[in-house]
Amino acid sequence: MNNSIWQKAASIDNRILYIIMAIVVAVPLMNPIGFPIVFQQEVLDTVELIRSFPAGTIAYVGAEVAATNAAELRPMMIAIVQLMYELGHKIVIGGFWADGCSLARLWAAPFLDEAGAVYGEDYVILGYRPSSTSILDQARTNFIDAFSDRDIGGLKLSEMPVMKGLEKASDLGYLAIMNPGSPGTATYTTAWRATGEVNVIIDCCTSGMYISSGNNYQAGLTAGLIGGLNGAAQLEQLTNRPYKAIRSMDAQALGHLAVIALLIIGNIGYFQTKREEEAK
Amino acid sequence: MRRTVPLTISFVAGMIMVIDGWLKIGFINNFATRYLMPSVTISVGWAAGLGALNLIRLHSRNIAQKRLNYQYSFVLLGFFFLMLTCGVFLQGNTTAPFYQFFYSSFQVNLSAAVYSLNSFYLVSACYRTFRARSWESTALLVVACFTMIGSVPMGAAMWGGFPVIQNWIVKVINDAAIRGLSIGVTLGTLSQCVRNLVGIERGHLQAGE
């Protein structure tokens, strides 16, 4: 049976769809086009907020990440810790996703080391602990005890200069939480914001979480919002450190355009096929 | 007795946590922080250990009984014990070079690769399901197109109105819907918590019956 061109347009084979997407995503990754980045007010405000904290402020980075959200959260985490270090903030990185702290060590630490940060003095990575709720609750009264006085490599937190002045959660100046789901920003908001320990939480979410994160930001539960790859690209541009997010935005843009084109083709094919069938 | 004791423990522990959250009563706050909360961490640690044992048991049976695709169980158990040996016994912790090599070269890349395949399935699913068959599906299609084009810089370069429309859809329509949904879910969760606390909900006590 010979299918008309409209029937073919309405039912393109999966293999063709996959090839189109692979090309559309891979080509701009290898040869960036350089679409201009459009800034969102919330990202501009968030960067200003971070810059408003004086040098010496202790900032907590919630490395709630997994390899599966590396595309969005890796550039975001790198850009944010670089900005923190540049401003002279002390950085404490922790996480309750099983891979979170290990990935922070792989992703953020090399950039901090390259910038001249000293481990234990300028930044520290806490080890993985199961059960976010109980640990965060304990950290309200004794931060070091809650993390068993050990960092990711088993070194004593109490002997590190970076931990000086950090006895309880309320000693933290602000939090920047990588947020792909749960545990995520909501966990910290419940544990530390609702109890009045920390008032400034910056939500660095994936695009999948952007809707609920935007809601919390609008309601004032979080003080800053950087959403998805787009937010990460804006952050890179604002801190003058172009890395993977800016490059990946071209691929995302063309990917979105390809999907829209396929939707239009599919719908035209669907209606024409229907018209042909009705004419018969 | 089999139900009364667990229900009493649940009620007492739950009430201590509720009081700890709402009131400042020294000995209760202290008890919750020093004893109850660490016990949660220990329970979660045990649960992880139990999960690992279950994984070993399941895949060992796959191999022993030569079930379908049992060779994959070999690979899984091989890497499981390799990572366990490197991380716990051989070099003491997860920052050790040997562990890091397997972690960063295999686990991280494989996880990211498997997840990235989702985008292909997503495109295929969008293409096949987003058809303007009714008014509702047409609305969904139009909103999806505006959201996709408005969220990338190219959309703004094509027409300045795309990001404005996308922003309006996300900040007004979506936020309102999500807020209503969140309030509903929270109320539902609260009522479930109260049911568990006072022992109306007893499903979790009936394992094996």
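Of the residues making up region B:33-79, those that are among the hydroxyl-bearing types (Ser, Thr, Tyr), within 14 Å of chain A (Cβ to nearest Cβ) and either in contact with an Asp or Glu (Cβ under 9 Å, 6 or more places away or on another chain) or over 30 Å from residue B:23 (Cα atoms) (or both) number 1. Residue count for region B:59-81 under the criterion of being surrounded by 12 or more Cβ atoms within 10 Å (Cβ to Cβ), more than 17 Å from residue A:98 (Cβ to Cβ) and either touching a Pro at 6+ places or on another chain (Cβ under 6 Å) or aliphatic (A, V, I, L, M) (or both): the result is 2.
Against the condition touching a Ser or Thr at 6+ places or on another chain (Cβ under 9 Å), under 17 Å from residue A:253 (Cα atoms) and of a type outside the set (Phe, Trp, Tyr), how does residue B:153 come out, does it pass? Judged against the criteria, residue B:153 is not a match. Annotation for region B:94-109: at least one member residue is polar (S, T, N, Q), part of a loop (DSSP other than H, G, I, E, B) and surrounded by 15 or more Cβ atoms within 10 Å (Cβ to Cβ).
In region A:195-234, what residues are of a type in the set (A, V, I, L, M), within 23 Å of residue B:181 (Cβ to Cβ) and more than 9 Å from chain B (Cβ to nearest Cβ)?
A:201, A:209, A:221, A:225
Restricting A:234, A:272 to residues that are surrounded by fewer than 17 Cβ atoms within 10 Å (Cβ to Cβ), touching a helix residue (DSSP H, G or I) at 6+ places or on another chain (Cβ under 6 Å) and not basic (Lys, Arg) narrows the list to A:272.
Filter region A:160-180 down to the residues that are within 13 Å of another protein chain (Cβ to nearest Cβ) and out of contact with any strand residue (DSSP E or B) (no Cβ under 8 Å at 6 or more places or on another chain) and list them by number.
A:168, A:169
Mind listing just one residue for me: the one in region B:129-163 that is within 15 Å of residue A:40 (Cα to Cα) and loosely packed, with under 13 Cβ neighbours inside 10 Å and, of those, nearest to the other protein chains (Cβ to nearest Cβ)? Ranking the candidates gives B:160 first. Yes or no: residue B:186 within 12 Å of another protein chain (Cβ to nearest Cβ), hydroxyl-bearing (Ser, Thr, Tyr), out of contact with any Asp or Glu (no Cβ under 9 Å at 6 or more places or on another chain) and over 30 Å from residue B:14 (Cα atoms)? Answer is no for this residue.
Where a number appears in this text, it was derived from the coordinates with a stated rule and is not lab data. Quantities reported herein were computed from a predicted structural model and do not represent experimental measurements. Note: ideal-geometry Cβ built from the backbone for every residue, glycine included; neighbour counts use all protein chains shown.
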